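This report concerns only the one structure given below.
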């Protein structure tokens, strides 16, 4: 599956000069020319190592300002690291941030030629690709207007279209999917999947965990300029989301200290039949959801669970009132409940279990708590769940 | 150093072509006159100089140049100067002007400087050729056989312009004062160069200093070649070497600083 290393980073560190004053500028200029001397700087990246092999897809996640874009720029060759080694092989196409490497004063069509020339294509070679690019971008007559008059979505459309036509060996994209509209995003994700199936290599930076999970097998989490985690996309994104969850919780503590006068799910977790907390289940195993709900008036709330696949497709959901279940009081306006799924029928994949707290009448929905889990197994079944069925000999008529 | 940055100039020939082409066509995009302005501007400049110096100051053409009016005398040195000064100004600003691209795409930044310089020379060489033809038709003694040698003399001139552009451009990217200083220095150099006057008008004591400037030498020589016939001297070789050295120094400075451009743009 994976071939030779296309990208190899070792000990990559990037310092940006601090240019607050004119004196800083001059001092930096002199030290650059003579090749030594102290330069006022701040550190954007520190000691990053990464290897991407041909055919791999690697996601890059992290908070705003963590250094993701700088890292991508270093790999794309736009920025030279202060320290460390960067080896990049093959034809690289990079869609870095908005603008995607287009010249704002050039028209869309001129930018196509420019981007092609950057990739080393002659004008004649580029001309043979222009029509396909314009068709993919689908921005109509705007193609002959300067890029600076484009909406950000249109720029990304064109950038993506150019990347698709140039068929790079390594494609670097920095948060470009987020800008396109729904149908264009779908088109892009589809194209990316085809590109990856065809042996392409992808480095995707995104804040959409869904895109990272669906498109990337491995993920690097950059935190304050350092590599915080690297591994299977699902593990890393979950860790990352947990981090945010915790951060939000600690940020929101003062507000949450006042108990809201609304029903909510106070805690929820997923465990197996023996009561051990787990996030991975084999198909057919038993899965138990445990939770504690809070109801300000001390009346039993209605709880609703829902299971959605990682891509957002709803699988099944049901309120506790439907089964006539009433959560029992567990002291101080709290109510414990559990939902048990014997012989899990879900097909292998990633799922999210959502729990919602409703008022005792089951009319208003107040809170959502999500837990992710994975179902593993080897099967050629497709769809969402395994339905009970039996094959039998048929009759001719 | 990543793989992209170190690609050769040859590997980027299509990009250079694309940038130059765009540089030429965008020059007067949005203006009705289009490329005509590129000729009109120097023509107007020439007309002003010709009027002020030959009519007001009563400047005369030295006897060595026979069959030439003051207009022809100035034109053959003025046009190459315009190419030089304009390409320095544009080449110097090229990196900053293309910041959007440099920050997003891995390509050698030198290309932007080269494209600017080449575009300037391409446009004004065409204009210059037209002006020479017109002067000749109006009876000025332009020696057509001098044109090939004049083109040869343009080579060190271009090297000089490129070297200065590279050096100033890389400094300008980091310290923006350079742009303002350059305009001033170019004006001084223009009047310190025998373009509006022959070198023989300069007091003997100053002549050595004035001619130490390669632009002065090249202006004088271009005039000689175009107005009195082709010739090559040993000092031409010397000036060529000096211009090549300036180019090398400019390229060294540029390559030294270009990895850091992104930090400043």
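Just a few scattered comments:
- The residue that is nearest to the other protein chains (Cβ to nearest Cβ), counting only those in the stretch A:20-44 that are within 30 Å of residue A:172 (Cα to Cα) and surrounded by fewer than 16 Cβ atoms within 10 Å (Cβ to Cβ), is A:42.
- Here residue B:224 fulfils each of the conditions (1) out of contact with any strand residue (DSSP E or B) (no Cβ under 7 Å at 6 or more places or on another chain); (2) within 14 Å of chain A (Cβ to nearest Cβ) apart from (2).
- Restricted to the stretch A:214-229, and to residues there that are within 14 Å of the chain's Cα centre (by Cα) and farther than 22 Å from residue A:168 by Cα, the residue that is surrounded by the fewest Cβ atoms within 10 Å (Cβ to Cβ) is A:221.
- Residue in the stretch B:182-194 that is surrounded by 21 or more Cβ atoms within 10 Å (Cβ to Cβ), in a loop (DSSP other than H, G, I, E, B) and modelled with pLDDT of 90 or more present: yes
- Count of the stretch B:92-106 residues which are surrounded by fewer than 22 Cβ atoms within 10 Å (Cβ to Cβ) and within 7 Å of chain A (Cβ to nearest Cβ): 2
- All positions within the stretch A:78-95 that are at the interface with chain B (Cβ under 7 Å from one of its Cβ atoms) and not in a strand (DSSP E or B): A:78, A:79, A:80, A:89
- Residues in the stretch B:113-123 include at least one that is in contact (Cβ under 8 Å) with a residue 24 or more places away in the chain and closer than 20 Å to residue B:263 by Cα.
- Among the residues of the stretch A:112-126, the ones that are within 22 Å of residue B:9 (Cβ to Cβ), more than 7 Å from every other protein chain (Cβ to nearest Cβ) and assigned to a helix (DSSP H, G or I) come to 5 in all.
- Residue check, residue B:88 farther than 30 Å from residue B:259 by Cα and either more than 14 Å from chain A (Cβ to nearest Cβ) or at pLDDT below 80 (or both): no
The values are calculated or read from the model by the stated rules, or taken from the named source; none is laboratory data. Note that this is a predicted model, so its numbers are computed, not measured. Note that each Cβ is placed from the backbone with ideal geometry, even for glycine, and that neighbours are counted across all protein chains shown.
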